[in-house]
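Reading through the structure tokens given below for one structure.
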Amino acid sequence: MEKYSLITGLRERTILKDVYFTPPFNLVEVREKKSNPLLEIMVMSSSPGILNDDFYDISIEVIDGSSLNLRAPSYQRIFVSEKGTNQRMNISVGDGAYFSHVPHPVVPHRGARYTAKNTIHIKNSSTLL
């Protein structure tokens, strides 16, 4: 199982409180201005795409009052997959928190089997973009 997870924290601005990833993923802070309260994280992958029998497990927790922009640099190819490929993403956005995420486009090859399940928990005062 390939996975990444992150939990934001607050210390005058949004910070990474906890982060974990396995190959092929890497999470990198790309915030240009360190005083910016918005935490910007780039999800990078060393894989050419999602391969047969891959299972991507993603967990994001944006705590109360924090702000996160999560982005990826390119599209995601899904190769021929007899057994199928899966992605599970769990997102939690706390009170007064902000989360923006523009997932990369998915490009399936002929014969690709792909299932994605996204679960998102938001509060009335949360912003989800």
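The values are calculated or read from the model by the stated rules, or taken from the named source; none is laboratory data. The structure displayed is predicted, hence computed values, not measured ones. Cβ coordinates were reconstructed from backbone atoms using ideal geometry, including for glycine residues, and neighbour counts include every protein chain displayed. Note: accessible area is taken over every heavy atom of the protein model, side chains too, but ligands, DNA and RNA are not part of it. Shrake-Rupley method; radii C 1.70, N 1.55, O 1.52, S 1.80 Å.
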Q) Taking strands (runs of 3 or more DSSP E) that do not extend beyond region 64-129, which have at least 3 residues that are over 12 Å from the mean Cα position of the chain (by Cα)? A) 76-78, 85-93, 106-108, 114-122
(Q) Just to be sure I understand, how many residues within region 47-86 are surrounded by 15 or more Cβ atoms within 10 Å (Cβ to Cβ) and either aromatic (Phe, Trp, Tyr) or under 21 Å from LYS17 (Cβ atoms) (or both)? (A) 15
Q: Mind counting the residues in region 1-38 that are among the hydroxyl-bearing types (Ser, Thr, Tyr), modelled with pLDDT of 95 or more and either more than 19 Å from ASN86 (Cα to Cα) or part of a loop (DSSP other than H, G, I, E, B) (or both)?
A: 4
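Among the candidates MET44, MET89, single out the residue that is closer than 19 Å to MET1 by Cβ, open to solvent by 30 Å² or more (accessible area, probe 1.4 Å) and either in contact (Cβ under 8 Å) with a residue 40 or more places away in the chain or hydrophobic (A, V, I, L, M, F, W, C) (or both). Break it down stepwise before answering.
On the way: MET89 fails: open to solvent by 30 Å² or more (accessible area, probe 1.4 Å).
Among MET44, MET89, only MET44 is closer than 19 Å to MET1 by Cβ, open to solvent by 30 Å² or more (accessible area, probe 1.4 Å) and either in contact (Cβ under 8 Å) with a residue 40 or more places away in the chain or hydrophobic (A, V, I, L, M, F, W, C) (or both).
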